[in-house]
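FYI, it's all coordinate maths here, none of it is from the lab. The shown structure was predicted, so the numbers you read here are calculated from the model rather than taken from an experiment. Cβ: placed from backbone, ideal geometry, glycine included. Neighbour counts: every protein chain shown.
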Amino acid sequence: MEDQGKKLVVLACSGASNTGAYSDLAARRLMAGGKGKMLCLARFAVDPKFAETSKRELETLGDDGELVILDGCPVNCAEEIMKKSGFMKYRHINTTDFGIIKGKTPVTEDKIGEIVKAVIH
Ligand code: SF4
């Protein structure tokens, strides 16, 4: 079922590994396609004011908005940072759930597309 016009706020772990790259590239593709707005994950770790402002913006969207967290492995850096910033309601997706093996699977357009499709459907 498609997210009927939901405004997605996307946070990616953007890790150095292939799986982290997948999280980052999928988030960027969502943003480029007008499906989501990507925010800087690192900023949540260092800027509580930014976290508060982002939380309020998300609350304003209500059911029309959704926080989507993309991580690249079970360490779940993005999810942990967002939880520490006080975000408890979100959809969590791990790129390793798409048959991508950390340190092995090459980054391909097709796989990025698969992740993007899963986020918007
Ligand atoms: S979740 Fe995994 S891939 Fe992403 S930044 Fe953390 S350790 Fe790296």
Problem set entry | Hits in region 61-80 - residues which are closer than 17 Å to residue 116 by Cβ and near the ligand (Cβ under 7 Å from one of its atoms) | 71, 72, 78
Seminar exercise, completed: The correct count of residues that are touching a residue at least 24 places away in the same chain (Cβ under 8 Å) and either surrounded by fewer than 17 Cβ atoms within 10 Å (Cβ to Cβ) or among the hydroxyl-bearing types (Ser, Thr, Tyr) (or both) in region 78-90 is 4
For this session: State which residue pairs qualify: first residue more than 30 Å from residue 63 (Cα to Cα) and inside region 91-111, second residue outside any loop (DSSP other than H, G, I, E, B) and among the β-branched types (Val, Ile, Thr) in any location, beta carbons under 9 Å apart, and separation of 6 or more residues or different chains.
Result: 100/19; 100/115; 101/19; 102/19; 102/95; 102/96; 103/19; 105/19
Seminar exercise, completed: Note on region 3-42: residues farther than 16 Å from residue 57 by Cα, basic (Lys, Arg) and touching a helix residue (DSSP H, G or I) at 6+ places or on another chain (Cβ under 8 Å) are 29, 35
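Matching residues to (1) part of a strand (DSSP E or B); (2) on the phi > 0 side of the Ramachandran plot:
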| site | (1), (2) |
| --- | --- |
| 5 | no, yes |
| 11 | yes, no |
| 27 | no, no |
| 50 | no, no |
| 53 | no, no |
| 66 | yes, no |
| 74 | no, no |
| 79 | no, no |
| 88 | no, no |
For this session: Identify the residue in region 25-38 that is surrounded by 21 or more Cβ atoms within 10 Å (Cβ to Cβ) and free of Cβ contacts under 8 Å to residues at least 60 places away in the same chain and, among all such residues, is nearest to the ligand (Cβ to nearest atom).
Result: 27
Exercise. Among the residues of region 13-24 satisfying the criterion of being out of contact with any Leu (no Cβ under 7 Å at 6 or more places or on another chain) and outside any helix (DSSP H, G or I), which is surrounded by the fewest Cβ atoms within 10 Å (Cβ to Cβ)?
Worked result: 16
Exercise. Within the group 58, 67, which residue is without any contact (Cβ under 8 Å) to a residue 60 or more places away in the chain and either farther than 17 Å from residue 30 by Cα or among the β-branched types (Val, Ile, Thr) (or both)?
Worked result: 58
